[in-house]
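Chemist: Please see the structure below; I have some questions.
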Amino acid sequence: MYGKVMTAVYVSPKSGEKIELLFSPPVDETKAAKQFVDWFNDNRVTQYLSVFYGLTEGYEADWIRKQNNEEDVLTWFVYVNDKLAGNVGLKPINFVNRHAEIGIVIGDKTLWGKGLASVMEATVLEYAFENVAAGGLNKVIARVISGNHASQKIQEKKIGFRTIGIMREEIWSNGSWHDVWIGEMLSSEWKKKKSDVVKNAGITELELYPGCEK
C-alpha cells in the first residue's frame, strides 16, 4: 500500500539549510518510474542496494503500481522541496507479531550528506510505532550491506538501532559476496530515544496523518 501523506521540515545539521519533505504516493507514476530507472543505472546509487541492472521504465512503473496492491507493504515516495528524492518503506509487515523491516533509497546524489536519511527514518519510525498494526509495531528491523559505513553509522549512532548480528556473504553484488549487518529497534526503545533523535536530526516540524502523535 502507499503510505498516507506525511510532512516534515528540518534544518540540515551541516549546511543550516531549511528543507521540506513530503511523504506521499507518487505524484506522477510515469515520471517516478523514469527517475528511478535513471538512478538505478548509476553504480554509485546502487552500490549498496540489492537491485539488479538493466531495469526498464515499464518494469519500474509496474513495480510502483504493485506497491499499492501489497497488503503487507507500506511505501512512501519522498519529495524534497517538491522534487522526488527517493523512497522509504516498511516490508514485509507481520501484523500478528507486529514487526517489519525498513528500507530507504535516496537516489538524488545532490541530497547525500545533508542528514536526509535520518529525517526519513525518524518520520517513518514514529509512524510505525504509533500505527500500522493495532497498538503500533513492536519492532522494526534494519539491514545494511557491508561497506556502507555511512548508513550503518546512521542506524547505530544517530537512530539507535541495536546490533543483533551479521549475516555472512548474504548478498552477491558487483562480482563478490557481501555481509549484511542487522539491527533492531523496539517500540519501548524508540519512545525513550525519539526526542533526542528528532532533535539531533534537526526536525522542526513533523505532521503525520490524523490520529498519529506529532
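The values are calculated or read from the model by the stated rules, or taken from the named source; none is laboratory data. Keep in mind that this is a model prediction, so the values were computed, not measured. Cβ atoms come from the backbone with ideal geometry, glycine included; neighbour counts cover every protein chain shown.
Chemist: If you take the residues in region 14-49 that are closer than 26 Å to residue 146 by Cβ and in contact with a Lys or Arg (Cβ under 9 Å, 6 or more places away or on another chain), which one is surrounded by the most Cβ atoms within 10 Å (Cβ to Cβ)?
Modeler: Across region 14-49, the extreme among qualifying residues is 39.
Chemist: Right, another one. Select, from 192, 153, 157, the only residue that is of a type in the set (D, E, K, R), part of a helix (DSSP H, G or I) and at pLDDT 95 or above.
Modeler: That would be 192, the only listed residue that is of a type in the set (D, E, K, R), part of a helix (DSSP H, G or I) and at pLDDT 95 or above.
Chemist: Please state which of the following conditions residue 87 fails to meet, knowing it meets all the rest: (1) at pLDDT below 95; (2) in a strand (DSSP E or B).
Modeler: Status for residue 87: all satisfied but (1).
Chemist: Looking at this structure, is residue 50 part of a loop (DSSP other than H, G, I, E, B) and of a type in the set (Ser, Thr, Tyr)?
Modeler: So residue 50 fits the description; yes.
Chemist: Could you list all residues from region 128-141 that are within 12 Å of residue 93 (Cβ to Cβ) and either assigned to a helix (DSSP H, G or I) or at pLDDT 95 or above (or both)?
Modeler: 128, 137, 138, 139, 140, 141
Chemist: Out of 102, 164, 182, which single residue is among the β-branched types (Val, Ile, Thr) and surrounded by fewer than 16 Cβ atoms within 10 Å (Cβ to Cβ)?
Modeler: 164
Chemist: If residue 51 meets every condition in (1) in contact with a Ser or Thr (Cβ under 8 Å, 6 or more places away or on another chain); (2) modelled with pLDDT under 90; (3) of a type outside the set (Ser, Thr, Tyr) apart from one, which number is that one?
Modeler: Here residue 51 meets the rest and fails (1).
Chemist: Quick one: what pairs do we get from region 130-141, first residue surrounded by fewer than 19 Cβ atoms within 10 Å (Cβ to Cβ), second of a type in the set (S, T, N, Q), C-beta under 8 Å, 6+ apart or different chains?
Modeler: Close Cβ pairs satisfying both conditions: 136/187; 138/97; 138/187.
Chemist: Output the number of residues of region 51-93 satisfying the condition of being under 14 Å from residue 108 (Cα atoms) and within 16 Å of the chain's Cα centre (by Cα).
Modeler: Filtering region 51-93 for residues under 14 Å from residue 108 (Cα atoms) gives 77-88.
With within 16 Å of the chain's Cα centre (by Cα) added as a condition, the list becomes 77-80, 84-88.
Looking only at that region, the number is 9.
Chemist: Just to be sure I understand the filter: pairs with C-beta atoms under 6 Å, separated by 6 or more residues or on different chains, first member in region 93-117 and part of a strand (DSSP E or B), second member surrounded by fewer than 14 Cβ atoms within 10 Å (Cβ to Cβ). Which pairs pass?
Modeler: 93/72
Chemist: Would you check if residue 126 is touching a Phe, Trp or Tyr at 6+ places or on another chain (Cβ under 9 Å), over 21 Å from residue 36 (Cβ atoms) and of a type in the set (D, E, K, R)?
Modeler: Yes; evaluated as a whole, the condition is true for this residue.
Per-residue answers, yes or no, for (1) within 25 Å of residue 172 (Cβ to Cβ); (2) touching a residue at least 40 places away in the same chain (Cβ under 8 Å); (3) assigned to a loop (DSSP other than H, G, I, E, B):
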{"residue": "14", "(1), (2), (3)": "no, yes, yes"}
{"residue": "19", "(1), (2), (3)": "no, yes, no"}
{"residue": "23", "(1), (2), (3)": "no, yes, no"}
{"residue": "32", "(1), (2), (3)": "no, yes, no"}
{"residue": "39", "(1), (2), (3)": "yes, yes, no"}
{"residue": "44", "(1), (2), (3)": "yes, yes, no"}
{"residue": "58", "(1), (2), (3)": "no, no, no"}
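Chemist: Something else: When the residues of region 108-129 are narrowed to those that are crowded, with 21+ Cβ neighbours inside 10 Å and among the small types (Gly, Ala, Ser), which ends up farthest from residue 197 (Cα to Cα)?
Modeler: Across region 108-129, the extreme among qualifying residues is 128.
Chemist: Can residue 147 be described as more than 21 Å from residue 80 (Cα to Cα), touching a residue at least 60 places away in the same chain (Cβ under 8 Å) and surrounded by fewer than 17 Cβ atoms within 10 Å (Cβ to Cβ)?
Modeler: yes
Chemist: Under 9 Å between Cβ atoms, at least 6 apart or on separate chains: pull out the pairs that start in region 66-81 with a residue that is modelled with pLDDT of 95 or more and end on any residue that is assigned to a loop (DSSP other than H, G, I, E, B) and exposed (fewer than 13 other Cβ atoms within 10 Å of the Cβ).
Modeler: 77/27; 79/27
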